[in-house]
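**Q** Structure incoming, see below.
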Amino acid sequence: MTSTTALSDVEQKSLSEIPHPSLPEGSSIYGGTKVFPDYQAEPGEVYFTLVHGIAHESSVSFVAILQATRALRKGFESALYFYGPGALNCLATRGFPTTGTSAFPGEHNINNQLATFIAEGGKAYCCRFGLSLHGAREEDLIEGVIPTHPLDVQDALIHYARKGAIINSTYMF
């Protein structure tokens, strides 16, 4: 380890107690056995995800989009419904200092994955009331996101439940 800061004997001792890196890059520290079968959709199967997580405040929203995309690729009819603060995930106006410019690595992960989901045939819905709670405008939505009425949240859930959908409901406190 090289450092421009002088270290005390105790600091140097603490650093040298455990060798670093303990394993070289590329070392396996987790097994690769998949426990459950790699299920594919049977004809007519549906996967529906509700997202109530704030963009970039946790991984819940991003993981929900990844899971919905994976379900789509397994052959499921797949849809995402963003409501409440989850509506912020659907904004195309994210970026700094300009829209579309990432101020930090990964800032547009959600945008990019949502655009991929839609391009591959998934449906993405966004509650207009969720947008309004945060001063977001409907014209700021990522292309292809379908704006919905606040009363649609419950009816969308009923709609997909009646279709026999696997329902994934994500929520962030």
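**Q** Output needed: Cys residues of the chain lacking any neighbouring Cys C-beta below 4.7 Å, sorted by number.
**A** For the chain, the answer is Cys127, because their Cβ atoms have no other cysteine Cβ under 4.7 Å.
**Q** Which order do Phe82, Phe104, Phe76 take by accessible area at a 1.4 Å probe, largest first? List each step's numbers first, then the result.
**A** Numbers: Phe82 0, Phe104 95, Phe76 20 Å².
Highest to lowest solvent-accessible surface, that is Phe104, Phe76, Phe82.
**Q** Just to make sure I understand: if all protein chains stay in place, what is the order of Glu11, Glu143 by accessible area at 1.4 Å, largest first? Working shown, then result.
**A** Numbers: Glu11 95, Glu143 170 Å².
My answer, sorted largest first, is Glu143, Glu11.
**Q** Once every DSSP H run of n ≥ 4 in the chain is given -39500 (n - 2.57) and the sum is divided by its residues, what mean residue ellipticity at 222 nm do you get, rounded to the nearest 500 deg cm²/dmol? Could you put the intermediate results ahead of the total?
**A** Details: 5 runs with 50 residues, N = 173.
Result for the chain, helices only: -8500 deg cm²/dmol.
**Q** Once the dipole of segment 32-158 is set up with Lys and Arg at +1 and Asp and Glu at -1 on Cβ about the Cα centre, which of Leu133, Phe76, Phe36 lies farthest towards its positive end?
**A** It is Phe36.
**Q** Here are some values of semi-axes √(5λ) of the Cα gyration tensor in Å: [x] 32, 15, 13; [y] 27, 19, 14; [z] 39, 24, 14. Which one was computed from this structure?
**A** The value matching this structure is [z].
**Q** Additional query: Quick one: dipole size for segment 23-85, taken about the Cα centre, charges +1 on Lys/Arg Cβ and -1 on Asp/Glu Cβ, in debye to the nearest 20. Walk me through the numbers before you get to the answer.
**A** On the way: 4 positive and 6 negative charges, 11 e Å.
Approximately 60 debye in magnitude.
**Q** Working with all protein chains in place, sort His20, His149 by solvent-accessible area computed with a 1.4 Å probe, largest first. It would help to have the intermediate numbers written out before the result.
**A** Values: His20 140, His149 95 Å².
In descending accessible area the options line up as His20, His149.
**Q** Output ³J(HN,Hα) for segment 21-30: one whole-Hz value per residue in order, computed from phi by the Karplus curve 6.51 cos²θ - 1.76 cosθ + 1.60 with θ = phi - 60°, and x for Gly and Pro.
**A** Coupling constants for segment 21-30: x, 5, 10, x, 4, x, 5, 7, 10, 9 Hz.
**Q** Determine the sum of side-chain charges near Ala55: Lys and Arg each +1, Asp and Glu each -1, restricted to other residues whose C-beta is under 13 angstrom from that of Ala55.
**A** Working: positive: Arg94; negative: Glu57, Glu107, Asp140.
That works out to -2.
**Q** If ligands, DNA and RNA are left out, what is the accessible area of Thr33 with a 1.4 Å probe, given in Å² to the nearest 10?
**A** My reading of the accessible area for Thr33 is about 120 Å².
**Q** Over the chain, what percent of the accessible surface lies on carbon and sulfur atoms, probe 1.4 Å? List each step's numbers first, then the result.
**A** On the way: 6230 of 11070 Å².
Carbon and sulfur: 56 percent of the exposed surface of the chain.
**Q** Next question. Taking the Cα centre of the chain as origin, work out the dipole magnitude from +1 charges on Lys and Arg Cβ and -1 charges on Asp and Glu Cβ, in debye rounded to 20.
**A** Values: 11 positive and 17 negative charges, 77 e Å.
For the chain, the charge dipole is close to 360 debye.
**Q** For helix 152-162, what angle does its Cα long axis make with the longest principal axis of the chain, in degrees from 0 to 90 and rounded to 10?
**A** Tilt of helix 152-162: around 80 degrees.
**Q** While we're on this one: Looking only at segment 22-166, where both bridge partners belong to it, what percent of the DSSP beta bridges are antiparallel (to the nearest 5)?
**A** 5
**Q** Also: Under the classification rounded if a/c is under 1.5, otherwise prolate if a/b is larger than b/c and oblate if not, where does segment 1-77 fall, given a ≥ b ≥ c as square roots of the Cα gyration tensor eigenvalues?
**A** Verdict is prolate for segment 1-77.
**Q** Per-residue counts of other Cβ atoms within 10 Å, averaged by peptide: what ranking do you get for 156-168, 105-117, highest first?
**A** Details: 156-168: 14.2, 105-117: 18.0.
The peptides rank, most packed first, as 105-117, 156-168.
**Q** Here's a follow-up. Using a cut-off of 30 Å between alpha-carbon atoms, which lysines can reach Lys74, once sequence neighbours fewer than 8 places away in the same chain are excluded?
**A** Lys34, Lys123, Lys163
**Q** Mind giving me the nanometre distance, one decimal, between the label points for Arg162 and Ser28, set 7 Å out from Cα along Cα→Cβ?
**A** 4.9
**Q** Using the Cβ atoms and a cut-off under 11 Å, what net charge is assigned to the surroundings of Tyr160, where Lys and Arg are +1 and Asp and Glu are -1? Please report the intermediate quantities before stating the final value.
**A** Working: positive: Lys123, Arg162, Lys163; negative: Glu77, Asp155.
That works out to +1.
**Q** Could I ask something else about it? Using unit Cβ charges (K, R positive; D, E negative) and no other charged atoms, how large, in debye to the nearest 20, is the dipole of segment 104-173 about its Cα centre? Intermediate values should be presented prior to the final figure.
**A** Values: 5 positive and 8 negative charges, 65 e Å.
Dipole size: approximately 320 debye.
The values are calculated or read from the model by the stated rules, or taken from the named source; none is laboratory data. A quick note: this is a predicted structure, and the numbers were derived from the prediction, not measured. We place every Cβ from the backbone using ideal geometry, glycine too, and count neighbours over all the protein chains shown. What goes into the accessible areas is simple: the full protein's heavy atoms, side chains included, and nothing from ligands, DNA or RNA. Shrake-Rupley method; radii C 1.70, N 1.55, O 1.52, S 1.80 Å.
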